[in-house]
Amino acid sequence: MINYIIISSSGKPIYAFDNNNIIVYSAIIQSIVSYFTYSTSPNQLINSIKNNNSFINFAHYNPFILISISPINHHHNPSSLSILYNYLISLLSKPYIDKIFNKYPNFDFTKLLSNSDILTLNSICHDLSLNNNPIFNYNSLQTLPINYKIRSKINSKFNSLSTSNLLFGLITTSNFKLISILKNIQNSNHNLHISDLSILFKIISSSNNFKLNSQYITNETFWLPICLPKFNSNGHLYTLIQFVELNDSRYQQLHSISANNNTDKLLIILMSPFKDSFNELKKISNNLIKSLLFNKKIFNSIYNPLSINLPIPSSIISYTIKNTSLLQFIESPSNSSSSPLNFKNSTIIIENYSNYKLFACKLSNYEIYLKINSSTPESQLLPISKSILNYCISNNHHLFIQ
Amino acid sequence: MAGQKKTLLKVIILGDTEVGKTSLMQQFINGKFSQQYKATIGADFLPKDMIIDDKNITMQIWDTAGQERFQSLGVAFYRGSDCCVLVYDVTNLKSFENLTSWRDEFLIQANIKDPDNFPFIIIGNKIDLEEGKRLISTKKAQALSNSLGNLPYFETSAKESVNIDQAFEVVARCALKQEEIMEFNDDYTDAVNINVDDDNYNNCAC
Ligand SMILES: Nc1nc2c(ncn2[C@@H]2O[C@H](COP(=O)(O)OP(=O)(O)OP(=O)(O)O)[C@@H](O)[C@H]2O)c(=O)[nH]1
Ligand SMILES: [Mg+2]
């Protein structure tokens, strides 16, 4: 198991995935880090410590020190610590945190963490230690395959409803497969970043604020202030969060389509820089929902999304395909999202495990990740990948959002 | 989660070598005493849970090295302390005279902005030793404590477990008081709002 520890620069524990001995570990970590920061000349920052069994990674983002301790052979996501740091910033924004610690270096930050924040941190660490969150692993968003003509219809409807106070908007399924995205800014320097969205998705999925009996609440509209650190770490965006139930027999009757459990809920996310624009955004959301639910083609395209018919033999256990220019991916329904392979400088990687192989290759602007039966000859892997590539190129406009 | 919702207090113990810092900690936390001297190298870190007026606290105690050659960790870790305990040996004049420089060094290295209000506590240890050996009287120590800003003063014996719990209860109270005066604006969302027309948002030079 991997441990993640967050402490303040003064050595006070803030969070630990594994809490054992945390008071003592925090003190040791601070001594080591402050020794390098203040007592070496020229001053150095410590990045990592390695011994025969484990690898310790340090990140010093004042006023926080973050570390991970992992077994030496573990596929470690190099962004882990910055993901955790970004989460802390997303709660309170950078200036607020700096203000507190400038005034009180001995501040005990656990006072500002609610139980639901701890749940989210646990869930992020859980994902990172098992490498089982594809958004973290591939730094890209999953899409819901939809016929591109219908998707353009959704997009233009979304656009037509937008007002100047709406900065960003997303329509996704409740498991965060992207249907449509709206960026309402002229200035292209400011953009929605995957890492910001991954934090927002984690906050939604792991805290209990949006759920009742572990089901997302559809009859309430949430208004959440959140700082998106990559977008702007200085302040908050106000975010409307609305879940919409699709599994309702009335829609099936209305559109005379059959019940199918592919997509059960929609999620509408609308963001504004202004605290008081809730009513305005709520109106957009209501109109948007109407146009998604009451148009047969649109409803059906979301309720029964396109199935991906990759030309692959049955020896392929699962796949993930990332479009590297759009930072979007699709994956097989049965994906357990095994550890991401790190390309470093190569374009092809094969790793052998006891009863399967992992294969990854870069082809054009795609990365193809396959989990395959050990018996599959390696000579077949590149031809299979090339036929996957051809499929993706010819279906690109349905699979990915342009 | 352990440690959650408990106030954590960082306490640093300073003083010359062999005054009994480690012995005080061992007696306070484990109820043990050893005649044998083993120099502390770098620092030892000890957790101690306490309840003060129905408040759950955890003290993170830093038992430091008195010998200069073992101060290998540097002194930067003083930063962010809630309380500092200065220890001397009542039979060792030099250790008493050095208290002021331990205090000054702490104030500098810990980067304390308001030195007059930072909680220090003075402990004179080894009062079990025979009267003839004692070189610093209670009166003399009291006078120093007063001159440094009415610091709480305790006389202890790590060997015979005299006055240690009392001293550390006051340490905890002082640290807690320091913690409780912190004020911060609860409505963090009002701290900075992103303004769409703002410079840091819009790179347009108009
Ligand atoms: N008689 C008596 N001896 C004590 C007392 N406290 C400590 N000693 C003895 O004094 C010696 C030094 O004690 P330590 O606790 O190791 O001293 P220290 O301040 O931690 O020393 P450094 O780690 O070098 O800074 C040991 O031999 C102890 O047994 C006490 O209260 N009474
Ligand atoms: Mg010692």
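What follows is calculated from the coordinates using simple rules that are stated; it is not laboratory data. The structure displayed is predicted, hence computed values, not measured ones. Glycine also receives a Cβ, built like all others from the backbone with ideal geometry; neighbour counts cover every protein chain displayed.
Based on Cα atoms of region A:316-399, Rg over Rh with Rh as the Kirkwood radius reads 0.94. Label separation (residue A:349 vs residue A:378): 1.6 nm, computed from points 7 Å beyond Cα along the C-beta direction. When only alpha carbons of chain B are considered, Rg and Dmax amount to 20.7, 83 Å. Per the Kirkwood formula applied to alpha carbons, region A:3-132 shows a radius of gyration over Rh ratio, Rg over Rh, of 0.95. Converting phi to 3J(HN,Hα) with the Karplus coefficients 6.51, -1.76 and 1.60 and the offset θ = phi - 60°, region B:67-80 yields 6, 4, 5, 9, 8, 6, 7, x, 10, 5, 6, 4, 3, x Hz in sequence order, with x at every glycine or proline.
Three semi-axes describe the equivalent ellipsoid of the protein assembly as shown; taken as square roots of 5 times the Cα gyration tensor eigenvalues and ordered largest first, they are 58, 28, 20 Å.
A simple spin-label model places pseudo-atoms 7 Å from Cα toward Cβ; at residue B:135 and residue A:123 they are separated by 6.4 nm.
Among A:330, A:171, A:118, what is the fewest-to-most ranking by other Cβ atoms within 10 Å? Kindly include the intermediate steps, with their values, before the conclusion.
Working: A:330 21, A:171 24, A:118 15.
By the 10 Å Cβ count, ascending: A:118, A:330, A:171.
Placing pseudo-labels 7 Å out from each Cα toward the beta carbon at residue A:258 and residue B:33 gives an inter-label distance of 8.6 nm. Screening chain A for whole DSSP H helices with an alpha carbon extent of at least 15 angstrom along the helix axis and a mean Kyte-Doolittle hydropathy of at least -0.5 yields A:22-39, A:80-92, A:115-130, A:194-206, A:278-293, A:381-399. Averaged over the residues of B:67-74, the number of partner chain Cβ atoms lying within 10 Å of the residue Cβ comes to 2.
Remark: mean inter-chain Cβ contacts per residue of A:228-235 equal 4, using a 10 Å Cβ-Cβ cutoff to other protein chain atoms. For an R0 of 25 angstrom, estimate the FRET efficiency from the Cβ-Cβ distance between residue B:147 and residue B:180 and round to the nearest 0.05. Once rounded, the FRET efficiency stands at 0.40. Sorted largest first, the spans of the alpha carbon positions of region B:79-160 along the three principal axes are 42, 24, 19 Å. DSSP assigns beta bridges within region B:7-180; of those with both partners inside it, close to 35 percent run antiparallel. Each residue in B:50, A:271 was given a count of other beta-carbon atoms within 10 angstrom of its own, and listing them fewest first yields B:50, A:271. A P(r) calculated from all alpha carbon pairs of region A:1-67, with 5 Å bins opening at zero, reads 4, 18, 29, 26, 16, 6, 1, 0 percent.
Test of understanding: in a Gaussian network model of chain A with alpha carbons linked when under 10 Å, which of A:209, A:279, A:175 would top the mean-square fluctuation ranking? Of the options given, A:279 has the highest mean-square fluctuation. Lysine pairs in region B:101-169 whose alpha-carbon atoms fall under 29 angstrom of each other, counting only those eight or more residues apart or on distinct chains, come to 7.
Each of A:81, A:228 has some number of other Cβ atoms within 10 Å of its Cβ, and from fewest to most they run A:81, A:228. Hey, quick one: spin label on residue A:116, modelled 7 Å out along Cα-Cβ, who in region A:264-281 has an amide N within reach, i.e. under 17 Å? Correct set: A:268-270. Comparing A:334, A:152, A:174 in a Gaussian network model of chain A, where Cα atoms under 10 Å apart are tied by springs, the biggest mean-square fluctuation is seen for A:334.
Once the Cβ-Cβ distance of residue B:55 and residue A:324 is raised to the sixth power relative to R0 = 51 Å, the FRET efficiency obtained is 0.40. Placing a label point 7 Å from the Cα of residue A:73 along the Cα-to-Cβ line, the residues of region A:341-377 whose backbone N sits under 14 Å from it are A:351-355.
Counting only DSSP beta bridges with both residues in the protein assembly as shown, tell me the antiparallel percent, nearest 5. Antiparallel: roughly 75 percent of the beta bridges in the protein assembly as shown. With the biggest extent put first, the Cα atoms of region B:1-107 measure 43, 31, 25 Å across the principal axes.
Springs between Cα atoms under 10 Å define the GNM used for chain A, and in it the highest mean-square fluctuation of A:255, A:60, A:236 occurs at A:255.
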